[in-house]
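The values are calculated or read from the model by the stated rules, or taken from the named source; none is laboratory data. Note that the structure is a prediction, hence the values are computed from the model and not measured. Cβ placement follows ideal geometry from the backbone for every residue including glycine, while neighbour counts extend to all protein chains displayed. Ligands, DNA and RNA are stripped out before the accessible areas are found, and what is left, the full protein with its side chains, is counted by its heavy atoms. Shrake-Rupley method; radii C 1.70, N 1.55, O 1.52, S 1.80 Å.
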Amino acid sequence: MTQPLLDVCNVSKAFGGVIANRNISLKVNRGQIVGLIGPNGSGKTTLFNSIVGYHPIDDGEIWFKGEEISRYRVGRIARLGLLRTFQQTRIYGRMTCMENMLISLPERESSFLDLLKSRHSAGIQRAKDLLEFVGLYSKRYHYAGDLSFGQQKLLEFAMALINEPEMLLLDEPTAGINPTLINGLIDRLKRANEELGITLLVIEHNMRVIMNLAEHIYCLAHGEMLAEGSPEEIRNDQRVIDAYLGAH
Amino acid sequence: MNRRLANVIAILALGVIGILGPWLFPAHLSQFSKLWLFIVLALTWDLLGGQTGYNSFGNVVFFGIGMYAAAVTQVGLYYPVAAYTAAKGGGTEFVFDVAQFYTGLAVGLPVGGIMAALAAAALGMVILGMRGHYFAIATLGLAIAAGELAAGWEYIGAGSGMVTPTPPDTIDTTLLFYYLSFALAAVTFGFLAWLYSTRFGLAINAIRDDEDKAEAMGHHTTRNKVITWTISAFFLGIAGGIFGNLSKFIDPIDVAFNGAEVGVWMILMAILGGKGTLWGPVIGAAVFYVTKELFWTYLLGWQRVALGALIVIIVVFFPQGIVGWLKERWPERFGPSKEEMEAADAKGGA
Amino acid sequence: MDNLNLLIQAPILNVQLLLDGLWIGAIFALAAFGMALVWGVMNIINVAQGEFVMLGGFITLMVMEAGLSPLLGIPAAAIVLFVLGWLLYRVIIWRIVDADMFISLLATFGISIMMQQLMNEIFGSDVRTAESGLGMFYLFDNMVTVSQIKVLAFVLAFAIGLALWLFLKRSRLGQAIRATSQNPRAARILGIDTDRVYAATYAINAALCGAAGALVVMAYSIHPYVGLPYTVRSFMIVIMAGLGNLGGVIAAGLGLGAAEQFAGFLLGAEYQLAFVFLLLVVVLVWRQMVLARRRQYLK
């Protein structure tokens, strides 16, 4: 239990002359829900992209399940069980919700021949259960491209869950979702964590959400790690308050 | 259920027409053989172009490879190929008896398919790791390059081409090749219909809709693309083998690697009928082929210009194609019906 | 590989091939410059690029057949193709600017087929050239011959490219084009008529290719199917150099020209085209490997 599931060590990333992440370290243990907050432009999404393999990092190391992944590309990292959702949702627009779910069933171990089994033989019930779970069951035969932004976001979340990742990185899961649904979403995130055993790392702007959800929070500002601690500690940290007030 | 029924009826009707072909249109049998082959060309183009979203401008290469590989095998089983091509296939010493001819075909056509598939796999591993538009341009010159290489290779007759084995007089080759073409079209259609119903079908659709997402969800996108192209090339290669025998003579540039005609036609047929649908390429091929046979002579050489214009018009003004248009116009009849899907997964879930 | 021995034994031949490569390479770079412009500004890979070059050549031939100097073919081809490019934009291209890149690929592919076959119907498939009447320079004791028209074409290609570059840097329209390429929505909000910018960009590209075609027909030769290799070369140069890197385009263009000359000499001229397409695949693979190290894909 000593080894964290995700271990980000001293990662730096610059775009041209702009330093987006400087010497960031962060640890997430198996089974935790960890929050990542920070004002706009503080480098949260850049850090996500570095972790899941969208761009090379300039310095530092990233470890997942005891394997260094800093040089792997997106697909390989995803197959290790580290998934992410996008700030701007991405779903397969010309397929129905069910098809979106079915094609997101985990493919990690599967060979080409496994793919040739009928799409109805496995996972249909699972897909339906998870659509029910996120409240999209009644829309299951609609084309995903016809859903509203908030619904697409929920679909993307359900697609991530059916993929059975060990860890899920969520980029602003509540942005664009109807406020009345937010409490339900928090509940679902918690249940995904408890019942499905998925470790979560969540970027979130909504303070109420993240304080309710996360057991440990990291705060970034200007590309550097400003503070970390329990929600209580972060809430009372003067530096965090200043960073947010200064930025708004 | 009525849509499923309509599908079954359409397939049965096509099957009956196909089987009874020699009695229904005895005078046009060889044209109809080509129609079946054209359906294969359109279906295989659509597998990568429509279902996976990767436009290839060079699929005709696999058609040509299959054609040459089949012919070389048919000859090579019994005679030295170099001597055969040097003699332009003629002469009394290169005679094929009935058994030899049938054996040659039985071995040669699969070899044609396999060689084409191998070529696609090798090429695909190199150029399918990149995204669609780079792939498209990379395939642009394939037909030309392949044609030039074939035209320079003495073993297969170089620029003067290669004659396919002359069948013994006792074999009715028109009938033989008709049924071969029909069988190939039927098998290709059936295979693709099945393939699109599997998770693999969804996996390639996912690449078409959002490849980054598919990658981020852990799909082996490059592997799936390469497999797709390889399957496509296999059927295309067999079609090439039959087409070569049907034409009796393989010219490297005008028959085998004819990018300006066959290469363009297969793209046009697929998008005319409706990209990314199972029936689209079939309908597109039939409409195009009949139109071509009817009007080709009246256009007096301008037909190739008209073809270019037709591509532009279809892509710009009618991108959904015939089947796509039908689906939009009468969604209740041609679109996905909810009841059916529910029925389908009740069956699968049980 | 007899020719390889020849190159080693008579090193002066290398100079000949290199120079020949540079002359034609400047024209490749010119067409590639246009492709990069359209690609960068409109996000369209223009498959009909080479056909614009081919049309420019035929227009120059017509100018010459009318009894005028083929040099007048350069402005004539540029003007006619500018108009044609504008028309193509107004009729077809504007409908596909915002569409998926696959649509624009297929549509411009259709345009290219149409133009090839049209020229084939009108002029036949013969290889043609516009005799400029210029002579040769002889260097190194007549060991190296340099066709004056090729040198002239080389110089003119640079002059035309430079003029366009200055135009893009200095003029109002040029600034609008660059603004649009960076962010079309912002440009639209700031009052730039992006539709006109696109039309101008596409027309300028066509004109550029037309001028390149005029140089090709004077210094080399042309036939209705000559376009595709020019498209492939332009594409290759752009991916080697990257969008918006004029120095890179020139270097890649000249390099490609030289590489082709050496390949043609070593493998035989009949394999020169096959070499071009093979080289494209090699370049793409090389780019892919570079990008893989940066965790990226070629896209």
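Among the residues making up the range C:265-299, those that are modelled with pLDDT of 80 or more and loosely packed, with under 15 Cβ neighbours inside 10 Å are C:Gly268, C:Val282, C:Trp286, C:Met289, C:Val290. Within the range C:2-11, the presence of a residue that is at pLDDT 90 or above, surrounded by fewer than 23 Cβ atoms within 10 Å (Cβ to Cβ) and not basic (Lys, Arg) is excluded. Tell me, yes or no, whether the range C:172-186 has at least one residue that is in contact (Cβ under 8 Å) with a residue 40 or more places away in the chain, over 21 Å from the mean Cα position of the chain (by Cα) and assigned to a helix (DSSP H, G or I). For the range C:172-186, residues in contact (Cβ under 8 Å) with a residue 40 or more places away in the chain, over 21 Å from the mean Cα position of the chain (by Cα) and assigned to a helix (DSSP H, G or I): present. Before we move on, is C:Gly247 at pLDDT below 90 and on the phi > 0 side of the Ramachandran plot? No: the conditions fail for C:Gly247.
Considered as a group, the residues in the range C:243-257 that are open to solvent by 10 Å² or more (accessible area, probe 1.4 Å) and part of a helix (DSSP H, G or I) include one that is nearest to C:Val232 (Cα to Cα), and that residue is C:Ala252.
Taken over the range A:188-197, the criterion of being surrounded by fewer than 21 Cβ atoms within 10 Å (Cβ to Cβ) and within 28 Å of A:Leu226 (Cα to Cα) is satisfied by A:Lys190, A:Asn193.
Has the range B:151-162 got at least one residue that is open to solvent by 30 Å² or more (accessible area, probe 1.4 Å) and without any contact (Cβ under 8 Å) to a residue 40 or more places away in the chain? Yes, the range B:151-162 contains a residue that is open to solvent by 30 Å² or more (accessible area, probe 1.4 Å) and without any contact (Cβ under 8 Å) to a residue 40 or more places away in the chain. Sort out which residues of the range B:285-305 are within 14 Å of chain C (Cβ to nearest Cβ) and at pLDDT 85 or above, and write them in order of number. Passing the criteria: only B:Val305.
When the range B:146-174 is examined, which residues are found to be over 17 Å from B:Ala99 (Cα atoms) and away from chain C (no Cβ under 14 Å)?
Of everything in the range B:146-174, those that are over 17 Å from B:Ala99 (Cα atoms) and away from chain C (no Cβ under 14 Å) turn out to be B:Tyr155, B:Ile156, B:Gly157, B:Ser160, B:Gly161, B:Met162, B:Val163, B:Thr174.
Taking the listed residues C:Met115, C:Met101, the one that is within 9 Å of chain B (Cβ to nearest Cβ), closer than 24 Å to C:Leu72 by Cα and out of contact with any strand residue (DSSP E or B) (no Cβ under 7 Å at 6 or more places or on another chain) is C:Met115, with no other qualifying. Taking the range A:27-86 and the strands (runs of 3 or more DSSP E) fully enclosed by it, the elements with 3 or more residues that are closer than 24 Å to B:Glu211 by Cβ and open to solvent by less than 30 Å² (accessible area, probe 1.4 Å) are at A:82-84.
Say whether the condition of being open to solvent by 10 Å² or more (accessible area, probe 1.4 Å), in contact (Cβ under 8 Å) with a residue 60 or more places away in the chain and acidic (Asp, Glu) is met by at least one residue in the range C:62-85. So far as the range C:62-85 goes, no, none of its residues is open to solvent by 10 Å² or more (accessible area, probe 1.4 Å), in contact (Cβ under 8 Å) with a residue 60 or more places away in the chain and acidic (Asp, Glu). Of the numbered criteria (1) in a strand (DSSP E or B); (2) on the phi < 0 side of the Ramachandran plot, the one A:Asn23 fails is (2).
Listed here are the helices (runs of 4 or more DSSP H) enclosed by the range B:9-89 that have at least 1 residues being modelled with pLDDT of 95 or more and under 19 Å from B:Thr164 (Cβ atoms): B:29-49, B:60-76. Considering the range A:95-110, and only residues there that are more than 8 Å from chain B (Cβ to nearest Cβ) and at pLDDT below 70, the residue that is nearest to A:Tyr143 (Cα to Cα) turns out to be A:Ser110. Applying the condition of being more than 19 Å from B:Phe63 (Cβ to Cβ) and assigned to a helix (DSSP H, G or I) to the range B:121-145 and asking which residue is farthest from the other protein chains (Cβ to nearest Cβ) yields B:Met125.
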